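Working notes, structure below.
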Amino acid sequence: MTHSPTVVSAARPTAARWWQNGLIYQIYPLSFMDSNGDGSGDLRGIISRLDYCRWLGINAVWLSPIYPSPMIDFGYDIANFTDIHPLFGTLSDFDALISEARRLNLKILLDYVPNHSSDQHSWFLQSRSSRNNPHRDWYIWRDPAPGGGRSNNWLSAFGGSAWEWDENTGQYYLHSYLKEQPDLNWRNPAVQQAMLDVLRFWLDRGVSGFRVDSIAHLMKDTQFRDNPLNPDWDPATGPYFRYLPVHSRDHPDSANVIRQIRQVIDAYEDCVIIGEAYLSLERTVAYYAAGVHLPFNFALITSPWTAREVHRIITTYESRLGPDQWPNWVLGNHDRHRIATRVGRAQARGAAMLLLTLRGTPTLYYGDEIAMLDVPIPARLVKDPWELNVPCLGLGRDPERSPMQWDSTNHAGFSTAIPWLPVASDFNRFNVAVESQEADSVLTLYRRLIALRAEKTALHSGSYGEVLCEDHVLSYSRHSGSESFLIALNFSDEPRTFEHVGLRGSISLTTALDRASEPVTEKLLLRPDEGVIVEI
């Protein structure tokens, strides 16, 4: 056996916080549970299912945006940062959500969207009304280039130029995403104060932290220089990376803004900042130094699903973390194809075992625990503006946002009305009601893994021994005090024999939920796609 590099991870801090030991569960509110029969999920629907979250074993619920919005980008175009969209309910409903979550010992996290607002926000309506309006500098405005046209070549992440002409005032405004999402000017102290007050508003209502949207876009180059051409651009990835966004994304000055956000968070008890930035592992880890508790690690979402690649990700990530920097792992979210679609339902079981036995905080996307797949969306029903703006490349995010599958009744128990997006065709087989009664279901596997992880310190915060990869098998050991476990994952659809000199133990859990307590010696037969946890 050729041994790959050994990983020795830092010990966890002596006083671990809830977000280090816990599990975060992302809910896309439009698609989780409809309480009033309008086809869209809402806060009362979420409240009615919090007991499920507790039963599953999660510790914190993160909600995608629920604020007043024209819903051009389904809530990420915010018209009021300190209220609730009527589609989802009221502030009283939100307070009831916080109250019920506390009763169940669950934390509530919100999306914080500091890069931009809706073009219908009162701030922007004032900003675009006149060059002399006090809110003019709350957004980023530029004169045309000397020869006419846009001032630089910056592109929108959703297609086209990042600059939109405003006829009334004769300038362009910047939008890193849709033109209906103008970028806020965080170099303006008034914007800083207003947006930090948004954090305080929700913290005072009882939230336990925020997932910060698009954290790498907060600050831009003050000289507004052109981005350079990308020599490795692949058109299949979409037009955005035709240029390398070195001047419009991941600017060094963003760290100063993040430190201000962290100061506000630190004034409240035991709250967390999670940062969203689709960057390299090296650049992702750099956001710890700015004050982000958990810069989202998306490597398992964006990389090929092979034992060798996952081995590389684990070893590279751990090698870049400092002793006080806590890791985190993500398998799915509302912007990327579901894990069961990407790797198949057989490998999705191994992915669950991987997620819940790696060192660090796992984030679980709603429905992945029942092996939901992407739902094909007919062209006439497409809602996602990214797909509408850049058609034919398969960039649309509707397929992974389909309604949660609760049971085998109409519309999968999500709503009594036709849902805002179609329900999966196989919901009768893959739903919470059915799988909760099956001893070998994916849902049962998740519950067993989550419970084992919570019970065994070695699995949620222990150190690694060797992380190895050979013949499509990834293996690693986890240790804490007298606890020791070996995890072996077969990434192949063929049997593999895993050999480990001196190994003695018994099987705690397999992805097939059988073989419990089976003794293990130096040779362990792994069935196709099988993952095994061995207590040493």
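Confirm whether Asp183 is over 23 Å from His85 (Cα atoms), at pLDDT 95 or above, of a type in the set (Asp, Glu) and not assigned by TED's automatic domain parsing to the domain that holds Tyr76. No. With respect to Arg338, determine if the residue is under 18 Å from Phe491 (Cα atoms) and either in contact with a helix residue (DSSP H, G or I) (Cβ under 9 Å, 6 or more places away or on another chain) or free of Cβ contacts under 8 Å to residues at least 40 places away in the same chain (or both). Against the criterion (under 18 Å from Phe491 (Cα atoms) and either in contact with a helix residue (DSSP H, G or I) (Cβ under 9 Å, 6 or more places away or on another chain) or free of Cβ contacts under 8 Å to residues at least 40 places away in the same chain (or both)), Arg338 qualifies.
Being hydrophobic (A, V, I, L, M, F, W, C), within 30 Å of Ser48 (Cα to Cα) and under 29 Å from the mean Cα position of the chain (by Cα) is a property that holds for Leu104. From the list Arg429, Arg478, the lone residue that is touching a residue at least 40 places away in the same chain (Cβ under 8 Å) and among the charged types (D, E, K, R) is Arg478.
Among residues of the stretch 493-514 being without any contact (Cβ under 8 Å) to a residue 60 or more places away in the chain and surrounded by fewer than 17 Cβ atoms within 10 Å (Cβ to Cβ), the one that is nearest to Leu449 (Cα to Cα) is Ser506. I'm checking my understanding of the structure. Among residues of the stretch 85-123 that are farther than 24 Å from Leu30 by Cβ and of a type outside the set (Lys, Arg), which one is surrounded by the fewest Cβ atoms within 10 Å (Cβ to Cβ)? Here the answer is Asn105.
Scanning the stretch 474-487 for residues that are crowded, with 20+ Cβ neighbours inside 10 Å and out of contact with any Cys (no Cβ under 9 Å at 6 or more places or on another chain) gives Leu474, Tyr476, Ser477, Arg478, Phe485, Leu486, Ile487.
Check whether at least one residue in the stretch 91-104 is in contact (Cβ under 8 Å) with a residue 40 or more places away in the chain, closer than 21 Å to His334 by Cβ and assigned to a loop (DSSP other than H, G, I, E, B), and report yes or no. No, that holds for no residue.
Given the condition in the same structural domain as Ile215 (by TED's automatic domain parsing), in a helix (DSSP H, G or I) and more than 29 Å from Gly206 (Cβ to Cβ), answer yes or no: does some residue in the stretch 255-276 qualify? Within the stretch 255-276, not a single residue is in the same structural domain as Ile215 (by TED's automatic domain parsing), in a helix (DSSP H, G or I) and more than 29 Å from Gly206 (Cβ to Cβ). When Arg308, Arg359 are checked against the criterion of being basic (Lys, Arg) and either crowded, with 22+ Cβ neighbours inside 10 Å or part of a strand (DSSP E or B) (or both), a single residue qualifies: Arg359. The set of residues in the stretch 124-161 being in contact with a strand residue (DSSP E or B) (Cβ under 8 Å, 6 or more places away or on another chain), over 23 Å from Asn389 (Cα atoms), free of Cβ contacts under 8 Å to residues at least 40 places away in the same chain and surrounded by fewer than 20 Cβ atoms within 10 Å (Cβ to Cβ) consists of Asp143, Pro144.
Each row is one residue, and each column tells you yes or no for (1) surrounded by fewer than 20 Cβ atoms within 10 Å (Cβ to Cβ); (2) under 21 Å from Ser117 (Cβ atoms).
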{"site": "Tyr172", "(1), (2)": "no, yes"}
{"site": "Pro239", "(1), (2)": "yes, no"}
{"site": "His247", "(1), (2)": "no, no"}
{"site": "Ala267", "(1), (2)": "yes, no"}
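Within the stretch 64-77, not a single residue is of a type in the set (Asp, Glu), surrounded by fewer than 17 Cβ atoms within 10 Å (Cβ to Cβ) and either in a loop (DSSP other than H, G, I, E, B) or in contact with a helix residue (DSSP H, G or I) (Cβ under 9 Å, 6 or more places away or on another chain) (or both). Checking the structure you have, find out if any residue of the stretch 285-298 is buried (at least 20 other Cβ atoms within 10 Å of the Cβ), closer than 22 Å to Gly22 by Cα and among the hydroxyl-bearing types (Ser, Thr, Tyr). Yes, the stretch 285-298 has at least one match. In the stretch 162-181, the qualifying residues are those that are more than 22 Å from Leu395 (Cα to Cα) and in contact (Cβ under 8 Å) with a residue 40 or more places away in the chain, and the one that is nearest to the chain's Cα centre (by Cα) is Leu174. Taking every residue in the stretch 19-38 that is under 22 Å from His411 (Cβ atoms) and pairing it with any residue that is of a type in the set (Lys, Arg) and crowded, with 24+ Cβ neighbours inside 10 Å, at least 6 positions away or on another chain, the pairs with Cβ-Cβ distances below 9 Å are Gln26/Arg211; Tyr28/Arg401; Leu30/Arg401; Ser31/Arg401.
Take the residues of the stretch 189-237 that are at pLDDT 95 or above and polar (S, T, N, Q): which is surrounded by the most Cβ atoms within 10 Å (Cβ to Cβ)? Within the stretch 189-237, the match that is surrounded by the most Cβ atoms within 10 Å (Cβ to Cβ) is Ser208.
Let's see how each residue does on (1) among the hydroxyl-bearing types (Ser, Thr, Tyr); (2) farther than 24 Å from Ser441 by Cβ:
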site	(1), (2)
Ser477	yes, yes
Gly481	no, yes
Leu489	no, no
Val501	no, yes
Pro519	no, yes
Leu525	no, no
Gly531	no, no
Ile536	no, yes
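Taking the criterion of being part of a strand (DSSP E or B), of a type in the set (Ser, Thr, Tyr) and within 23 Å of Val292 (Cβ to Cβ), the only residue of the stretch 106-151 that qualifies is Tyr112. Against the test of being part of a loop (DSSP other than H, G, I, E, B), surrounded by fewer than 23 Cβ atoms within 10 Å (Cβ to Cβ), assigned by TED's automatic domain parsing to the domain that holds Ser425 and not aliphatic (A, V, I, L, M), the options Pro399, Pro376 yield a single qualifying residue, Pro376.
The values are calculated or read from the model by the stated rules, or taken from the named source; none is laboratory data. Note that this is a predicted model, so its numbers are computed, not measured. With ideal geometry, Cβ positions are generated from the backbone for all residues, glycine too; neighbour counts draw on all protein chains shown.
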